[in-house]
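Taking it in order: structure first as structure tokens, then the write-up.
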Amino acid sequence: MFYLRLTKANFTTINTQKGSLDADQSNINLPAVTTDEAQTIINTAIPVMSPLLANHAWLVADVEDDNNNELNNITFDPINPMPVAQVYTNCDGTDSGMDMTTGAPCLLDRSPAPMYLAYFDMPVDVTVTSDDVTVPPAADGGTEAGSVRMGEITILEF
């Protein structure tokens, strides 16, 4: 098992899902997000609570098809363990008000938020299952796992 970790001063530490490789992997892209940009994303997606990036362990999830287009009406169930708070976002990063992402595929890059954002009050290892997903890179048909750490963001891509 492995995961990638991107860290730099004034940027948010980003972690990928845990996985195993049976061949070389190329073209791995991780977003470089400043801490200010990450906090803006959080404030847009969860405006009522506005939790701080540094005080929580963050989970982000996105679901795309083989052409890298986001899928619509996606739910993640179950998130194990259950997060303190979670939000599914519209294309503009605001809370969809539902238990699924809406509006995908977005015509432009989803900004300023991912499809799904959640946080935990302590570091945890999470397992996430997305409904009806059988597209790469979810080789096991829609389940991903990752380590979520305080003040960091773990990205799970389906």
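Every number in this text was worked out from the coordinates using simple rules, so none of it is lab data. Being a predicted model, the structure only gives us computed values, none of them experimental. Ideal geometry is used to build each Cβ from the backbone, glycine not excepted, and the neighbour counts take in all protein chains shown.
Numbers at a glance
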| quantity | calculated |
| --- | --- |
| Cα gyration tensor category, rounded, prolate or oblate, for the stretch 46-137 with a/c compared to 1.5 | oblate |
| Centroid-to-centroid separation of the stretch 106-120 and the stretch 51-80 [C-alpha atoms, Å] | 7 Å |
| Residues in the stretch 30-56 reached by a label modelled at residue 98 [backbone nitrogen below 20 Å; 7 Å Cα→Cβ] | 45-47 |
| Label-point separation, residue 48 to residue 80 (7 Å along Cα→Cβ), nm | 2.9 nm |
| Local net charge near residue 88, Cβ-Cβ under 9 Å (Lys/Arg +1, Asp/Glu -1) | -2 |
| Stretch gain in nm, segment residue 111-residue 72, where the contour uses 0.36 nm per residue and the Cα spacing is subtracted | 12.5 nm |
| Estimated FRET transfer efficiency (residue 65, residue 9; beta-carbon r; R0 41 Å; 0.05) | 0.70 |
